[in-house]
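The values are calculated or read from the model by the stated rules, or taken from the named source; none is laboratory data. Just so it is clear, the structure is predicted and the values come from calculations on it, not from any experiment. Cβ placement follows ideal geometry from the backbone for every residue including glycine, while neighbour counts extend to all protein chains displayed. For accessibility, only protein heavy atoms count, side chains too; no ligands or nucleic acids. Shrake-Rupley method; radii C 1.70, N 1.55, O 1.52, S 1.80 Å.
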Amino acid sequence: MNDMSAVTQFASVEAEQQLLGAILTGNDRLNLVADFLRPEMFADPVHAEIYRQASARIRKGHIASPVTMKAVLGDHAGLAELGGASYLVRLAGAAIASGAVADYARVVVDGWTRRQIDAAIEDTRAGLSAGGDVAVLTAKLQHALMRLPTDGSEPSSLSLTSAVTRAVEEAVSAYQGKTQLLATGLPALDRIVRGLAPSDFMLIGGATSMGKTSVALHIAGALAEAGRGVAFVSLEMAPDQLATRLISARARVPYAALRDAAAMEEADFRKWVEAARPVSEGTMRIVPRHVRDIPAIDAACRKIRADLERAKVPLSLVVVDYAQLVRGEGKTRYEQMTSVSIGLKTIAGLLEVPVIGLVQLSRDIGQRDHKRPMLTDIKETGQFENDADQAVFCHRESYWLERQGPKPNAKGDVTPEIEADWRADLARWRNKMELIVQKNRHGPIATAEVGFHDATNRFWSLGDEQAQEAFI
């Protein structure tokens, strides 16, 4: 019973047909395969649509049978070419027994996996013929293979005993002080997220000028100065701009002053130059902006890891500034950014280091009354929110207060009381940043307040008067 007009390599059309027939004649059989079988795994696009629509009906508690599916797919051109309603009846007639459903589903998954491997190999071969970079092609092939199921026959659940055993082992290691968690250099934030773990994907977001790059640079710089390897993928700023900000934070000299260094006070310029030496000794590598797709970023990070290992320095962190500037696969912007999010999470898993991805938020924040960011403010795809282990948003109330000014009353007047309240609010929030943890797989949702001086890119813990006094 093979009605496909052309034979597809690495596909069993008969298995697809008999599996669909079994589901249409016994809807409860979907439960045997729904945890690992997806519509796109069917070789025949008509079969894929039948499975997609039948699954949607069954999950809603509706019946999916040849009769009901005829109504759902009545206008489907592909089904019409195969015989329309009569084809659905023939599928039901070829149904297999319940005991064979999972096995036939694994045949479908196996065929899809083989087709994906074949496509990845062909793509790699084409890249080799075109003289593509070997490291990039290798990374691209690895990412393609990482998206494949390792084994369709793997159990979809694990015993509680095995889960408890692993949890106890991890807890004992942490209790004994044997932890792989990395401090961010922001104690108030670490109290919430408990540090960065290998394979974590952290988002740092914020509206324009909120300081998200500053936060990422502070975390990266603290680790680099501590002898931890950092790969900083800079898609927005040039490497020398990043270096200027790192030096300014250490020297407590505004980085904007360096644009007209000749007008600087000699003492400030000397402080800045002297601060450059310890910063230069940090173990950070900057990946320039022309490296902007996932395979190329992966390959660059692997080269950095190899270079660092020769100096006996572990690669401990990857930062991507910012994620929406990474080139992704897909026809639409949504598809491209979805692939970028999945790719960054994959890099974290393959390299076994935390990855921080900076994300831009919607400009709509500036148009609404409350300016505090939310997960739904992340631009272009919800996949970032889904993939992230932590999502941290930078918010500076003083930024908005300064730009909005005192808010007039109902008559449009700014009274002395209103002006006084505005100035009090401005003083309350000056040189402060809120780090709003909106998602945290490993702990609570909370907000950390830190001291932040925008002009120098410097952070400090609130209550540390010595650190703060230079900016008051």
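Which condition does S341 not pass, out of (1) open to solvent by less than 10 Å² (accessible area, probe 1.4 Å); (2) part of a helix (DSSP H, G or I); (3) within 14 Å of V233 (Cα to Cα), if it passes all the others?
Single failed check for S341: (3).
Residue-by-condition table, conditions (1) assigned to a loop (DSSP other than H, G, I, E, B); (2) within 32 Å of the chain's Cα centre (by Cα); (3) under 17 Å from V89 (Cβ atoms):
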site	(1), (2), (3)
A11	yes, no, no
F36	yes, yes, no
E40	no, yes, no
G61	yes, no, no
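So, of the residues in region 387-424 that are touching a helix residue (DSSP H, G or I) at 6+ places or on another chain (Cβ under 6 Å) and not aliphatic (A, V, I, L, M), which turns out to be nearest to I347 (Cα to Cα)?
D387
What tally of residues in region 244-279 results from selecting those that are of a type in the set (V, I, T) and over 32 Å from the mean Cα position of the chain (by Cα)? First the steps, then the outcome.
Looking only at region 244-279, we keep the residues that are of a type in the set (V, I, T), and these are 244, 247, 253, 273, 279.
If we keep only those that are over 32 Å from the mean Cα position of the chain (by Cα) as well, we get 253, 273.
So the count comes out to 2.
Please enumerate the residues belonging to region 284-324 that are in a loop (DSSP other than H, G, I, E, B) and surrounded by fewer than 20 Cβ atoms within 10 Å (Cβ to Cβ).
Residues satisfying the conditions are P288, R289, H290, V291, R292, A311, K312, V313, P314.
Restricting the search to region 111-139, which residues are open to solvent by 70 Å² or more (accessible area, probe 1.4 Å), within 30 Å of S12 (Cα to Cα) and either outside any helix (DSSP H, G or I) or acidic (D, E) (or both)?
Passing the criteria: E122, D123.
Considering only residues that are in a loop (DSSP other than H, G, I, E, B) and either closer than 16 Å to R458 by Cβ or at pLDDT 90 or above (or both), which ones fall in region 236-281?
Residues of region 236-281 in a loop (DSSP other than H, G, I, E, B): 236-238, 252-254, 264-265, 281.
Scanning region 236-281 gives R252, V253, P254.
If you scan region 386-432, which residues turn out to be of a type in the set (D, E) and within 30 Å of G195 (Cα to Cα)?
Filtering region 386-432 for residues of a type in the set (D, E) gives 387, 389, 397, 402, 413, 417, 419, 421, 425.
Hits for region 386-432 are D387, D389, E397.
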